[in-house]
Amino acid sequence: MTTVPLASIALVTALAATAARADDVTFTGFAHGSQTVHFSLVAPNAVASGDVNAGGFATILNGSPSFVTYCVDLYQHISFGTLYPEYTAPGTSHVFANSRAYADLGRLYANAGVVDTSVEEAAFQIAAWEIAYE
């Protein structure tokens, strides 16, 4: 079983239902493969570093066709193939250290163009982490 950062589902928000409705989410694997990257975080209450696989996740929401999501929280984990029932998308209630994160993530999605290789998805993932932890 592969374990990867969980908060990729936070970016499901862009395509997910409203926060008032619970959804079923499954991450089936990396959409186009992954790249191993090293990260190092220093925060007021937690320090973390290590090597992780970075890339976009093939995500199924409520049994619909798959789409790609990305991780935004290195402190949480998921397992591929596991159903996460009654998931409620965090919407704009998720608190980022960067107060501009939602706007910056929107610009990242709007300007990235087609992201469909493991290298491009790893680069996109790293950009999402940088925005989330600025």
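Quick note: the coordinates plus some simple rules give every number you see, no bench work behind them. Note that this is a predicted model, so its numbers are computed, not measured. Heads up, the Cβs are rebuilt from the backbone with ideal geometry, glycines too, and the neighbour counts pull from every protein chain shown.
Okay, here's what the table says:
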| item | result |
| --- | --- |
| Whole-Hz ³J(HN,Hα) from phi, Karplus 6.51 cos²θ - 1.76 cosθ + 1.60, for segment 24-35, glycine and proline x | 9, 10, 10, 9, 8, x, 6, 4, 9, x, 8, 10 |
| At R0 = 22 Å, FRET efficiency that the Cβ-Cβ distance of Ala46 and Thr117 yields, to 0.05 | 0.10 |
| Amide H partners (placed H, <5 Å) of Phe30, local residues excluded | Ala58 |
| Neighbour net charge for Ile60 - beta-carbon separation under 11 angstrom, K R +1, D E -1 | -2 |
